[in-house]
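Colleague: Questions regarding the structure given below will be posed in turn.
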Amino acid sequence: METLEFQSEARQLLQLMIHSIYSNKDTFLRELVSNASDALDKLRLESFRDKDMKVDVDDLHIVIESDPAERTLTVRDNGIGMTREDVVGLIGTIAKSGTAEFLRKLKEQQSSSSDLIGQFGIGFYSSFMVADKVTLVTRHPHAEKGVRWESTGESTYTIEDVDDAPQGTSVTLHLKPSDDEDRLPDYTEPAKIREIVKRYSDFITWPVRLGGEEINSRKALWARPASEVTEEEYAEFYRHISHDWNAPLETIRMQAEGTFEYQALLFLPAQAPMDLFMRDSRRGVQLYVKRVFIMDDCAELMPEYLRFVKGVVDAADLSLNVSREILQQDRQIQLMRRRLVKKVLSSLKSLMGARPDDYKKFWGEMGAALKEGLLSDHDNRDAILEVCSFASTHSEDTLTTLADYVSRMKEGQEHIYFMTGDSRTAVENSPHMEALRAKGYEVLILTDPIDEMWVDAVPSFDGKQFQSVAKGQVDLETEEEKSAAAAKASEFADLLSWMASSLSEDVKEVRLSTRLTTSPACVVGDAHDITPTLEKMYKAMGQELPKIKRILELNPSHPLVEGLHSAFVSGERSSLEDAVELIYGLALLAEGGELSDPSRFVKLVAERVQRTF
């Protein structure tokens, strides 16, 4: 027997492993089962490569044994095992490390070497979170003798040869007393062992046995051919990972091969998760590496706007930190994320074409969340637009895609017209819609809060610019109408200038309108102004904005405006300022806006009504 002493830096590293790296003590069993699974994989591979290796690979398995009286827990496999040199090189990783550089990187949580995952020497040492002493006995098929390694995780460890070690590896943990305050359960309890294996190791290839019973399902649906998996199995698995009683609306399978391999089994729910629009909503994709569960709610693999997607991604190899708990933003992760997003969006497009009723159900539940991607995912913006649906003036009860809108555009129409608002009724009754309705132009009706934001960020679709009917100039006139409008503008020029001066505290310009047919006036924004609704949203979040002056447009054909113009031309201006204030107030109310001084407006209206009697 040799007794060796840990170097000082290695002792620090070991203490860091035990006390800081793993946030959940249960993960020690995940590490040991994962190591055992790797040993079984290696033995099977070696048996194919080395025909002289006399081993039985018919019953490769992992056994967990607990002894409550002795307070021990043993994880045993009949895999590849290790020679004495292997033990020194692998389990001795920490013992012989002694490098300040490795310790520094680990402390900074920057280690991303995937060789450290699934090997003895790193995850193995998580055993000391729950054990006062760890004993390992192992034998390689080519070795005549086995090796015993033992340590209390303090300053020394021992290593010696043993004559009667079976092939494979057994790790025995001499457990610390259970302690609820320290979140240290009784790991000799069969129920606790089953719970951990079910959570982390349910889908590994090899059977995990406890008391003679196999306790892992091994049913990794994503690893089986699609032809061998039934819809009910998919539904059962979806319910298991999502805690949703309903069957999924759509099942999405994906397999990437080549230099970087992974499999994905994703689901679109039929009903929106209850926390879909809550601040702390969770994303539903679980990450596995070689069928070993790594983490829930993997934000790095699915963007926030697809947080309703549930499922599993299983990578053959992935750069994680040593605790397997924090992903690094490396090329592999980014590549997986891009491919997964494209697959989900292409599946939605297929669903839209093949099963329109199911797509309609999806859009009603999750459409508002999906549209968030128009703001955050520039690379996939066109693909998102293709699977979006919107209400429009074309139909009262059927939504339209942008492709269908474009196909119905009038000859010579250059813009996709839209209007945002609180409700369909408010939009349809808005004065801004009058001329477009009269001329038969279709207008998208956008009433989700997110619509207020994405329409300013997305310039076009299929080469057609988006145009708000409540902002900027809306060009609907023929050349003849433009000529007549220019003459009218010249005729009204003095009135418009005087009104702009009178309302200078509230408006930046007064002009004649091309969008009004029946209303006397409306208020519009410049092309790049934020809408009043968006302004309210910012203020509700505590963000104070500078006052935004808008534009007052007048309908020169309306009797009220004609009368105002006649009175101005004739010089009867004594009460015109009040009339101008009323017209501006009416325009604000017509769009659902708020008056700055409601009591004054009521007083002016009352005085005007009184004069009629």
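The values are calculated or read from the model by the stated rules, or taken from the named source; none is laboratory data. Model, not experiment: these values are computed from the prediction. Cβ placement follows ideal geometry from the backbone for every residue including glycine, while neighbour counts extend to all protein chains displayed. Note: areas computed on protein heavy atoms with side chains; ligands, DNA, RNA excluded. Shrake-Rupley method; radii C 1.70, N 1.55, O 1.52, S 1.80 Å.
Colleague: Sort through 441, 417 and tell me the only one that's assigned to a loop (DSSP other than H, G, I, E, B) and modelled with pLDDT of 90 or more.
Modeller: 441
Colleague: Give me the helices (runs of 4 or more DSSP H) completely within the range 347-414, filtered to those with at least 3 residues that are under 24 Å from the mean Cα position of the chain (by Cα) and buried (at least 20 other Cβ atoms within 10 Å of the Cβ), ordered by residue number.
Modeller: 356-370
Colleague: Inspect all residues belonging to the range 223-231 and state whether any of them is among the hydrophobic types (A, V, I, L, M, F, W, C), over 26 Å from residue 368 (Cβ atoms) and not in a loop (DSSP other than H, G, I, E, B).
Modeller: Yes, that holds for at least one residue.
Colleague: Also, quick follow-up: Sort out which residues of the range 146-171 are open to solvent by 10 Å² or more (accessible area, probe 1.4 Å), more than 18 Å from residue 76 (Cα to Cα) and in a strand (DSSP E or B), and write them in order of number.
Modeller: Listed by number, the residues that qualify are 156, 157, 158, 160, 161.
Colleague: What number of residues within the range 232-258 are under 18 Å from residue 288 (Cα atoms) and not in a helix (DSSP H, G or I)?
Modeller: Count: 6.
Colleague: Do we have any residue at all in the range 71-81 that's open to solvent by 10 Å² or more (accessible area, probe 1.4 Å), hydrophobic (A, V, I, L, M, F, W, C), over 25 Å from residue 178 (Cβ atoms) and at pLDDT below 80?
Modeller: No; the residues of the range 71-81 include none that is open to solvent by 10 Å² or more (accessible area, probe 1.4 Å), hydrophobic (A, V, I, L, M, F, W, C), over 25 Å from residue 178 (Cβ atoms) and at pLDDT below 80.
Colleague: Looking at the range 262-296, which of its residues are among the polar types (S, T, N, Q) and either part of a strand (DSSP E or B) or under 25 Å from residue 223 (Cβ atoms) (or both)? It would help to see each step written out before you state the result.
Modeller: Keep residues of the range 262-296 that are among the polar types (S, T, N, Q), which gives 263, 271, 281, 286.
Those that are among the polar types (S, T, N, Q) and either part of a strand (DSSP E or B) or under 25 Å from residue 223 (Cβ atoms) (or both): 263, 286.
Colleague: Listed residues 301, 287; which is buried (at least 21 other Cβ atoms within 10 Å of the Cβ), more than 30 Å from residue 80 (Cβ to Cβ) and not charged (D, E, K, R)?
Modeller: It is 301.
Colleague: Sticking with this structure for a sec: Could you go through the range 589-612 and let me know if any residue there is open to solvent by less than 50 Å² (accessible area, probe 1.4 Å), touching a residue at least 12 places away in the same chain (Cβ under 8 Å), of a type in the set (Asp, Glu) and closer than 29 Å to residue 422 by Cβ.
Modeller: There is no residue in the range 589-612 that is open to solvent by less than 50 Å² (accessible area, probe 1.4 Å), touching a residue at least 12 places away in the same chain (Cβ under 8 Å), of a type in the set (Asp, Glu) and closer than 29 Å to residue 422 by Cβ.
Colleague: What's the number of the condition residue 203 fails, among (1) surrounded by 13 or more Cβ atoms within 10 Å (Cβ to Cβ); (2) hydrophobic (A, V, I, L, M, F, W, C); (3) within 21 Å of residue 339 (Cα to Cα)?
Modeller: Every condition holds for residue 203 apart from (3).
Colleague: Check off (1) over 56 Å from the mean Cα position of the chain (by Cα); (2) surrounded by 12 or more Cβ atoms within 10 Å (Cβ to Cβ) for residue 551 and give me the number that stays unchecked.
Modeller: Only one criterion is unmet by residue 551, namely (1).
Colleague: Just to verify a result, which residue in the range 249-284, among those that are under 30 Å from residue 38 (Cβ atoms) and in contact (Cβ under 8 Å) with a residue 60 or more places away in the chain, is surrounded by the fewest Cβ atoms within 10 Å (Cβ to Cβ)?
Modeller: Once the filter is applied, the top-ranked residue is 260.
Colleague: Now a separate question. In the range 486-535, which residue that is among the hydroxyl-bearing types (Ser, Thr, Tyr) and more than 48 Å from the chain's Cα centre (by Cα) is farthest from residue 586 (Cα to Cα)?
Modeller: Among those that are among the hydroxyl-bearing types (Ser, Thr, Tyr) and more than 48 Å from the chain's Cα centre (by Cα), it is 490.
Colleague: Let me ask another. Taking the residues in the range 448-494 that are assigned to a helix (DSSP H, G or I) and closer than 28 Å to residue 277 by Cα as candidates, determine which candidate is most open to solvent (accessible area, probe 1.4 Å).
Modeller: Of everything passing the filter in the range 448-494, 456 is most open to solvent (accessible area, probe 1.4 Å).
Colleague: Considering each of 478, 447 in turn, give the residue that is within 27 Å of the chain's Cα centre (by Cα) and of a type in the set (S, T, N, Q).
Modeller: Answer to the selection: 447.
Colleague: Name the residues in the range 332-358 that are in contact (Cβ under 8 Å) with a residue 12 or more places away in the chain and either of a type in the set (S, T, N, Q) or over 26 Å from residue 287 (Cα atoms) (or both), would you? Step through it out loud before you land on a result.
Modeller: Filtering the range 332-358 down to residues in contact (Cβ under 8 Å) with a residue 12 or more places away in the chain leaves 332-333, 335-349, 351-352, 358.
Scanning the range 332-358 gives 332, 346, 347, 352, 358.
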